[in-house]
Amino acid sequence: MSEHEVTLTINGEKVTRSVEARTLLVHFIREDLSLTGTHIGCDTTSCGACTVLICGKPIKSCTMFAVQADGAEIETIESLAAGGELHPLQEGFWEKHGLQCGYCTPGMIMSAKGFLAENPNPTEDEIRHGISGNLCRCTGYNKIVEAIQYAAEKLQAADAGGE
Amino acid sequence: MPQLDDRKEPHSELAEGVSARVPTTDEVQIKTPEKICGMGHRKKRKEDPRFIQGKGNYVDDVKLPGMLYMDIVRSPYAHAKINSIDASAALEMDGVLAVITGEDLKAAGDLHWMPTLMSDTQMVLPIDKVVYYAQEICAVIATSRYIAADAIEQVYVDYEPLDAVVDPFEAMKDKVIVRDDKEKKTNHIWHWEAGDKAATDAVFKDAATVVKEKLYIPRIHVSSIETCGMVANYNKARSHMQIYMTSQAPHAHRTVFALVSGLPEHKIQIISPDIGGGFGGKVPVYPGYVICAVASLVTGKPVKWIEDRSENLQADSFARDYHIEAEMAADKNGKITGLRVKTLSDCGAADAAANPSKFPAGLYSICTGSYDMKAAHVEVDGVYTTKPPGGVAYRCSFRVTEAVHMIERMADIMAHQLGEDPADYRLKNFIRPDQFPYKSPTGWEYDSGNYEAALKKAMDMIDYRTLREEQKQKRAKGELMGIGISSFTEVVGAGPSKDYDILGIKMFDSAEIRIHPTGKAMARFGTKSQGQGHETTYAQIIAEELGLPSDDIEVEEGDTDTAPYGLGTYASRSTPTAGAAAVMASRKIKAKAKKIAAHLLEVGEGDLEWNIDRFEVKGSPDQAKTIQEIAFAAYTNHPQGMEAGLEAVDYYDPPNLTFPFGSYICVVDIDKGTGEVAIRRFVAVDDCGHIINPLIVEGQIHGGLTMGLAPALYEEIVYDENGQNLTGTLADYLVPTAVESPKWELGKTITPSPHHPIGAKGVGESPTVGAPPAIANAVVDALWHLGVRHIDIPITPPKVWKLLRDNGVTD
């Protein structure tokens, strides 16, 4: 199996590692970089538990090879409260009880982050479609939607305050 | 020797619960201030900060030095003889350390078979025959996940295919014998009955109206987003086995491992870390767990096994798979008088259900539901087929979902048949509030209920009468709109030790509370949260009882070395059992605290009264000692002759089960062109007794409703005639997304349990139980005038479209 050198930026930190060509990005993140907040829930790109942001876009990291991420900027759940303060999405999920077992939560939050970057003022229906690539078995989604609405409002208010 | 009765004594003194027939309210009771945050507060969950930051610790996150990886070779046939297994090519691969076969397990002490939770047997690894598709054949142990996956492709198995038997009715004919290891060459496993057959037959003889229906409750899968897995870490020097495992019942699993493996139980530590959803799927012991533990024993190294999703969907325990024939009788006034039910339970290749031992069909005899009737009789037969063994609960208390679906469909069919409004018909037939505690015709004693209040509230919330008017107008225009009701009775909290055990272990549960000198506390439980929020809920219960702020209480579960023994979390049993144990342990602590307070205040115990977080001298509340002051004194200034410390353990044996209930109303619109069912509104009124945390209860109900929607409209595990699973990935097995899941509208009534010490009942599964018939009833209600009487779930667009076409609605 051929080995390749991969250099990428993850959560603001530049890393270089040698990986097998077939190493899935999610395994690279979880096992080579020990960032276990990104989870695995299926093998058919259906559940979204492995969602990370690559150059700002939500990507299911189980369906991408690590070598394909060479040169990319990756954000995982571990980046969100890096400054010690919770991101409005994390706050929203906590406030609104947007999680139960917590397994889908990192992927759900990263998916929502990518979605809100594209659509900062979404309707409820747009949120539901926006996260439809992420499965949650515990919550029934209502409180996840509320959590994302909470974050959208807070992010909008912060933007307005900044202008 | 302590007498049994002596040991029970503290319970009867401390269990000052809620007396019977407390009126139903809809106000959540709050007694403690915000800073203590006891029962009734909408407290944000204590466990969430780690999850929202990606700092949870699930089994696949466990990484130990020198850890090996296991992968499993699985059968491509549902039924086949194994002529040989050739693993030589796999063993020659770099990084492959071992291949474990059934022969190896046999040599290791007959570990190739294991008991199921129902005292049947199940293969861990086969020697000469496989009995279901995706059955474990052998396991490869390698230095990496990828090498293990490569190596399973290099194991060559010579199979000789045999006829599969997929249909349980065919299986009953015994043409193909699934379990030829058994002495009796038959697929029939057990026959079970409840109720009074003669009385029921008599009621049917006198009936004015009888309705009959065949219902199939299909095989489904819990499909928690985290699959199952284990890290087994055997330390030869210590003769100690440490196991990280996706377990809903770590103590019971430790005992099973000890019994199966022969390892002494004190040398086995099971740690169930954060669990990514369970829903019953993490109650059974699967072959993969046993092989993984053996692999660590053999190699002396830590071994990790994590299922793929396809393995999870194809081989892990299923739920449901009940084929039901039901008849309901009514008198000339339309009053329901009797119920007669015959059911065939497709068990797959082993009876590996997760039911209490004495209940092969679980609590299915709750099937008379919310209706008062003279007689009922229910029979169930279990049968083997060449499909994976089961069945687990799928967020339900032991077969209650099957029972509720049947009775709620039958009540609806009867109402329609008699031309009565389904809501009015239910109101007429409900068990009345003054009949509680109610003895059901199949032998249950329902603890409390007010079914009328819940249904009327749901009808008000959704404006039921106006909807019926709208339906009339729409029907006149040829539009298809339906309104469905489900007024369910749940039965949870197993259970009283006289009737409930799993493999002989009584179904009590436990709490241990230690209060530290500075007034902070550690509480440990025999249960194990998989997302239910125990760290918050249990802390609130203790806060309510002892006045310690719930943030000052650390709740820990899932480590068998530290937690008191308990039977685990499933069947909505945590609040009814371990929640009650938390109350009892708190009250034991409070009894000691009172003695310490009396000593500190130099008064008699009789002069003291409890007020939220302190003992006060009666009539002189300024003279008081807070729980924190008492805790400090328990270690620094306790009375002479008294043991130091402030802690207690309680093993709570519930006197009865609890019976949560609710009424759901669903409104659907059906697309005549495609047969697609759109849920326009869904109102759910739940009554789970006293509420500990309304935020968590709402979350449990939302999630349960979506897991009720799932089998009603989307999910089914399907096999072809050869027993091949056609729904083995999440691309084929349709778990609802945020788009399919409606905006649930919740209401509540509160009718406390009279026997639970804080009047709580359990809630996590009620909605999964109650929702499917509300949806199915709505669809049939929309189509009744066309002659449609029943549609089996999942009600998919092709099924509806075909019915519309057959009835001339759609071309």
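Taken about its Cα centre, chain B carries a charge dipole of about 1040 debye when Lys and Arg each add +1 at the Cβ and Asp and Glu each add -1 at the Cβ. Across region B:90-98, rounded Karplus estimates of 3J(HN,Hα) from the backbone phi angles (6.51 cos²θ - 1.76 cosθ + 1.60, θ = phi - 60°) give 5, 5, 7, 6, 4, x, 8, 9, 7 Hz, Gly and Pro being marked x. Charge dipole of the protein assembly as shown (Cα centre as origin; +1 on each Lys and Arg Cβ, -1 on each Asp and Glu Cβ, all else neutral): 1480 debye, rounded to the nearest 20.
Toward the positive end of the charge dipole of region A:88-162, with +1 on the Cβ of Lys and Arg and -1 on the Cβ of Asp and Glu, the farthest Cα among A:107, A:158, A:131 is that of A:107. Counting lysine pairs in region A:1-146 that sit 8 or more residues apart in sequence, or on different chains, and whose Cα atoms lie under 24 Å apart gives 10.
Just by accessible area at a 1.4 angstrom probe, what is the order of B:795, B:147, B:30 from largest to smallest?
The ordering from most to least exposed comes out as B:30, B:147, B:795.
Checking the Cα-Cα distances for B:55/B:748; B:335/B:743; B:63/B:282; B:81/B:106; B:358/B:439 against a 26 Å cut-off, the pairs over it are B:55/B:748; B:335/B:743. Ordered from longest to shortest, the equivalent ellipsoid semi-axes for region A:3-79 are 17, 14, 11 Å, each the square root of 5 times a Cα gyration tensor eigenvalue. Here the extension length gained between residue B:342 and residue B:216 equals 44.2 nm, from 0.36 nm per residue of separation less the Cα-Cα distance. Rounded to the nearest whole angstrom, the semi-axes of the ellipsoid equivalent to chain B, taken from the Cα gyration tensor as √(5λ), stand at 41, 39, 23, largest first. Contact with the other protein chains removes 40 Å² or more of accessible area, compared with the isolated chain and a 1.4 Å probe, from these residues of region B:28-56: B:44, B:45, B:48, B:51, B:52, B:53, B:54. Evaluated with a Cβ-only charge set (Lys, Arg +1; Asp, Glu -1), region A:88-162 carries a dipole of roughly 300 debye about its Cα centre, given to the nearest 20.
Comparing each chain alone with all protein chains together (probe 1.4 Å, DNA, RNA and ligands left out), the residues of region A:67-110 losing at least 40 Å² of accessible area are A:94, A:95, A:97, A:99, A:100, A:101, A:103. Specify the angular offset, from 0 to 90 degrees and rounded to the nearest 10, of the alpha carbon long axis of helix A:142-162 from the longest principal axis of the alpha carbons in chain A. That works out to roughly 90 degrees.
Loop-located trypsin sites (Lys or Arg not before Pro) in region B:223-305 (DSSP state not H, G, I, E or B) with no more than 12 neighbouring Cβ atoms inside 10 Å: B:236, B:238. The label point for residue A:16 and the one for residue B:50, both projected 7 Å from the Cα toward the Cβ, are 3.7 nm apart. The portion of the accessible surface of the protein assembly as shown made up by carbon and sulfur, rounded to a whole percent, is 49 (1.4 Å probe; DNA, RNA and ligands excluded). Loop-resident trypsin sites (Lys or Arg not before Pro) (DSSP state other than H, G, I, E or B) in region B:609-650 with no more than 14 further Cβ atoms inside 10 Å of their Cβ: B:618. Taking every full run of DSSP H in chain B, the ones that stretch at least 15 Å from end to end by Cα along their long axis and average 0.0 or higher on the Kyte-Doolittle scale are B:250-261, B:287-299, B:400-417, B:451-462, B:580-601, B:694-709, B:766-783.
Buried on complex formation within region A:20-42 (loss of at least 40 square angstrom of accessible surface versus the isolated chain, 1.4 Å probe, ligands and nucleic acids ignored): A:22, A:27, A:30, A:31, A:36, A:41. I want the local charge near residue B:397. Using Cβ-Cβ distances under 12 Å, sum +1 for each Lys or Arg and -1 for each Asp or Glu among the other residues. Spelling it out: positives minus negatives among the neighbours equals +1. Taking each residue as 0.36 nm, the span from residue B:190 to residue B:722 lengthens on full extension beyond its C-alpha to C-alpha distance by 189.0 nm. As I understand it, the dipole of the protein assembly as shown uses +1 on the Cβ of Lys and Arg and -1 on the Cβ of Asp and Glu, about the Cα centre. Which of B:227, B:257, B:664 lies farthest toward its positive end? Projecting each Cα onto the dipole axis, the largest value belongs to B:664. In this simple spin-label model, placing a label point 7 Å from the Cα along the Cα-to-Cβ direction at both residue A:153 and residue B:333 gives a separation of 5.2 nm. Kirkwood hydrodynamic radius computed over region B:509-575 comes to 12.0 Å, based on all pairs of distinct alpha carbons. Taking 26 Å as the straight-line reach from the Cα of residue B:477, the lysines in range (excluding those fewer than 8 positions away in the same chain) are B:672, B:799, B:802.
Between residue A:9 and residue B:199, what FRET efficiency comes out of the Förster formula 1/(1 + (r/R0)^6) with R0 = 60 Å and r the beta carbon distance, rounded to 0.05? Taking R0 as 60 Å, the efficiency between residue B:199 and residue A:9 is 0.20.
Placing dummy labels 7 Å off each Cα toward the beta-carbon, the span from residue A:68 to residue B:644 is 6.3 nm. Placing a label point 7 Å from the Cα of residue B:498 along the Cα-to-Cβ direction, the residues of region B:748-774 with a backbone N closer than 20 Å are B:754-757. Have a look at A:83, A:130, A:56 and tell me which one the Gaussian network model of chain A (Cα, springs below 10 Å) gives the largest fluctuation. For chain A, modelled as a Gaussian network with Cα springs under 10 Å, the answer is A:83. In the context of the full set of protein chains, residues of the protein assembly as shown present 35 Å² of accessible surface per residue (probe radius 1.4 Å, heavy atoms only). Computed from the C-beta positions of residue B:258 and residue B:91 and an R0 of 25 Å, the FRET efficiency is 0.20 to the nearest 0.05. Taking 8 Å as the Cα distance limit and 6 or more residues as the minimum spacing, I'd like the relative contact order of region A:3-79 as a percentage. It comes to 39 percent, rounded to a whole number.
Of the DSSP beta bridges with both residues in region B:336-495, give the percent that are antiparallel, rounding to the nearest 5. Bridges in region B:336-495 that DSSP calls antiparallel: roughly 20 percent. Simple rule: put +1 on each Lys or Arg Cβ and -1 on each Asp or Glu Cβ in the protein assembly as shown, find the dipole, and look at B:147, B:284, B:758; the Cα lying farthest toward the positive end is B:758.
Summing both sides, the accessible surface hidden between A and B at a 1.4 Å probe radius is close to 4500 Å².
The values are calculated or read from the model by the stated rules, or taken from the named source; none is laboratory data. Since the structure is predicted, the reported quantities are computational estimates derived from the model, not experimental observations. Ideal geometry is used to build each Cβ from the backbone, glycine not excepted, and the neighbour counts take in all protein chains shown. Only protein heavy atoms, including side chains, enter the accessible area calculation; ligands, DNA and RNA are left aside. Shrake-Rupley method; radii C 1.70, N 1.55, O 1.52, S 1.80 Å.
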